[in-house]
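K.L.:
Handing you this structure, nothing more for now.
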Amino acid sequence: MFPRSFRNASLTGLMPHRCLTKRDPFMIRRPACGTILPFLMASQETGGWTHLQPCGKTQAMSRNAPSAPDTTLLAAADLPHLWLPYTQMQTAPFPVEAARTSGSRITLADGRELVDGVAAWWTACHGYSHPHIHAALVRQAEQMPHVMFGGMVHEPATRLAARLAALLPGDLERVFFTDSGSVAMEVAIKMAVQYHINRGTTGRTKILSFRGGYHGDTLGMMSICDPEEGMHSLFAGVLPEQVLADLPVDAGSMTRLETLLTERGDSIAAMVTEPLVQGAGGMLFHDPEVLRRLRGLCDRHGILLILDEIFTGFGRTGTMFACEQAGIVPDILALSKALTGGTMALAATVARRHVFEAFLSDSAGHALMHGPTFMANPLACAVANASLDLFESEPRLEQVAAISAQLAQELEPCRALPGVKDVRVLGAIGVVELETLDNPDALRRAFVERGVWIRPFRNIVYLTPAFTITPKELTRLTTAIVDVLREAA
Ligand SMILES: *Cc1c(COP(=O)(O)O)cnc(C)c1O
């Protein structure tokens, strides 16, 4: 019998075609255009993954010839209408199809159940479908799913803004809502640049960001991401040129940054970093001391400090916000990902009082000109309020501490495996860094076959589970990593 995952791919991939239903598995046709798309999983496979070797063959079957097993292996390209993120659609394998979620489990369309090690791209901190969040969503849906936010406010947003202001350190107290992390960061940059303009300072037009950083995929964010992540070479001429530096992690890099700021500091509006963890850059950790250095440099050079807590916010690093560990307060802070507990798209850019006050004047030209259509969506705000309730009523930070200890213990055996460069844990983030990772797709498939959802990227295999994951579920994730990496070695 052909592997289950292949069978699943065949069925789900052709579901959109009228000739096929789940109960009709042997009437399989290629898409209507009749083309057999050239895909070769084999070209992506590396040594050690023989159990994943595909047949690489396509064949049409009909109800009249049901006996031959379907060995069709579909690629992402066989999805007729979807364009997937970060995916070479021609060569990427067919994605799995999710049907239901609950707690730390994802049930696939073919009935298989996966333990989720990623928590929906780092968002689902309470696990999926938490009853308290679900109830808030239903209640708000019945009352007012959406209303515009121009010249009109509503209780879910005013309450959420007040709660965020109370939770965040210092006078971070003005909340501007958007609907994605990238846009929250775009707004942060606009705030910072206009802050200087409104105060009559000219020439501060540049943003200083750090190697390894990631702040989103919009054009503005691409210009301040790590050059590789932001595709700077490909998009040269399109992206504004910003200022890139190394994080001041030691005396040498600190001196270089100080020199850069002495030379160009007065052209810089803001300095941007993810505090403690550069997530998409490869889960790179730095000490709280680095953030204190940045705060000091910004103060000395009249630069605003923007912290991107889109990933680190809401407990992920062990404290509610990562900046707390450094004891510093940024001028602007961005939140998203776990803000709604992974249920709705929502983001927030939070400014300190002095930043907000720079926008107050008799001139309309000093106002912040930004306003996404779905800004402060009431459903999303209601769910975010429910998520904050759970941080109060359930022991989230204690759970993070327990996860941290378990990750450290159970990922430790990876360190001895050939090809493993580093094993590191911070809060509920567990990382196994490899020397190289040539085929993350194959690794992902191997994990799916072990009943876990883990999505390696760059050269890392990592876990960012829900804080509500059970110790047993977490062990399933760590065991899968140890086993798969051992087999691959
Ligand atoms: C995910 C992420 C973003 C982008 O958020 P989107 O909602 O995907 O636009 C920005 N910064 C950091 C640190 C992130 O992890």
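Only the coordinates and a few stated rules stand behind these numbers; no lab work does. Values in this document were obtained by computation on a predicted structure and should not be read as measured data. Don't worry about glycine lacking a Cβ; one is built from the backbone with ideal geometry, like all the others, and counts go over all protein chains shown.
K.L.:
What shape does segment 305-457 have by the C-alpha gyration tensor, where a ≥ b ≥ c are the square roots of the eigenvalues, rounded means a/c under 1.5, and otherwise prolate means a/b greater than b/c and oblate the rest? Could the numbers behind the result be given before it?
P.N.:
Working: a/c = 2.06, a/b = 2.03, b/c = 1.01.
Since a/c reaches 1.5 and a/b is larger than b/c, the shape of segment 305-457 is classed as prolate.
K.L.:
Under the rule a/c < 1.5 gives rounded, and otherwise a/b versus b/c splits prolate from oblate, where does the chain land using the Cα gyration tensor?
P.N.:
Details: a/c = 1.78, a/b = 1.58, b/c = 1.13.
Prolate.
K.L.:
For a protection proxy built on the mean count of beta-carbon atoms within 10 angstrom, sort 177-187, 126-136 highest first, please. Present the calculation step by step, with values, prior to reporting the outcome.
P.N.:
Working: 177-187: 23.9, 126-136: 19.3.
Per-residue mean Cβ counts within 10 Å order the peptides as 177-187, 126-136.
K.L.:
Okay, moving on. How much of the DSSP beta bridge set in segment 246-392 is antiparallel, as a percent to the nearest 5?
P.N.:
Beta bridges within segment 246-392, antiparallel portion: roughly 45 percent.
K.L.:
For residue 127, list long-range residues whose amide hydrogen, built 1.01 Å from N in the peptide plane, is under 5 Å from its own amide hydrogen.
P.N.:
Placed amide hydrogens put 467, 468 under 5 Å from residue 127.
K.L.:
When the Karplus curve 6.51 cos²θ - 1.76 cosθ + 1.60 is applied with θ = phi - 60°, which whole-Hz ³J(HN,Hα) does each residue of segment 185-201 get, with x for Gly and Pro?
P.N.:
With coefficients 6.51, -1.76 and 1.60, one gets 6, 4, 5, 4, 5, 4, 4, 5, 5, 6, 3, 5, 4, 4, 8, x, 8 Hz.
K.L.:
How far, in nm, would the chain grow between residue 236 and residue 435 when pulled straight, counting 0.36 nm per residue and subtracting the alpha carbon separation?
P.N.:
Here the answer is 68.7 nm.
K.L.:
Could you pull out every residue, at least 5 positions away or on a different chain, whose amide H is within less than 5 Å of the one on residue 174? Hs are placed 1.01 Å off N in the peptide plane, and Pro or chain starts have none.
P.N.:
351
K.L.:
Separate question: Please state the charge dipole magnitude for segment 131-393, taken about the Cα centre, from unit charges on C-beta atoms (+1 on K and R, -1 on D and E), reported in debye and rounded to the nearest 20.
P.N.:
It comes to approximately 340 debye.
K.L.:
Could I ask something else about it? Sorting check: for 105-116, 297-308, 251-262, which peptide has the highest mean count of neighbouring beta carbons within 10 Å, and how do the rest follow?
P.N.:
Ranking the peptides 105-116, 297-308, 251-262 by packing returns 297-308, 105-116, 251-262.
K.L.:
Need one number: % antiparallel among DSSP beta bridges in the chain, to the nearest 5.
P.N.:
About 65 percent, rounded to the nearest 5.
K.L.:
Rounded to the nearest 10 degrees, what's the angle between the helix 155-167 long axis and the longest principal axis of the chain, both from Cα atoms, 0 to 90?
P.N.:
Around 70 degrees separate the two axes.
K.L.:
Another one. If we count other beta carbons within 10 Å of each Cβ, what is the order of 235, 285, 321, fewest first?
P.N.:
The order, fewest Cβ neighbours first, is 235, 285, 321.
K.L.:
Also: Quick one: 3J(HN,Hα) in Hz for segment 253-270, Karplus 6.51/-1.76/1.60 with θ = phi - 60°, rounded, Gly and Pro as x.
P.N.:
5, 5, 4, 4, 5, 4, 5, 4, 6, 4, 7, 10, x, 7, 9, 9, 7, 8
K.L.:
Using +1 on the beta carbon of Lys and Arg, -1 on that of Asp and Glu, and nothing else charged, what's the dipole of the chain about the Cα centre, debye to 20?
P.N.:
Dipole about the Cα centre, nearest 20: 1200 debye.
K.L.:
What ranking, highest mean first, results for peptides 193-206, 376-389, 144-157 when packing means the other Cβ atoms within 10 Å averaged over each residue?
P.N.:
In descending order of packing, they fall as 376-389, 193-206, 144-157.
K.L.:
Compute the Cα gyration tensor for segment 171-303, then decide on rounded, prolate or oblate, letting a ≥ b ≥ c be the square roots of its eigenvalues: rounded whenever a/c is under 1.5, prolate when a/b is larger than b/c in the other cases, and oblate in all that remain.
P.N.:
Rounded.
K.L.:
Over the chain, what is the relative contact order in whole percent, taking alpha-carbon pairs under 8 Å and six or more residues apart? Don't jump to the answer; show the numbers that get you there.
P.N.:
Numbers: 934 pairs, mean separation 88.8, N = 489.
Once divided by the residue count of the chain, the mean separation gives 18 percent.
K.L.:
On to the next question. Residue by residue through segment 99-104, what is 3J(HN,Hα) from phi via Karplus (6.51 cos²θ - 1.76 cosθ + 1.60, θ = phi - 60°)? Round to whole Hz and write x for glycine and proline.
P.N.:
Result, ordered by residue: 10, 8, 9, 6, x, 9 Hz.
K.L.:
Can you find, among 268, 314, 88, the residue farthest towards the positive end of the dipole of the chain? Put +1 on the C-beta of Lys and Arg, -1 on that of Asp and Glu.
P.N.:
Most positive-ward Cα: 88.
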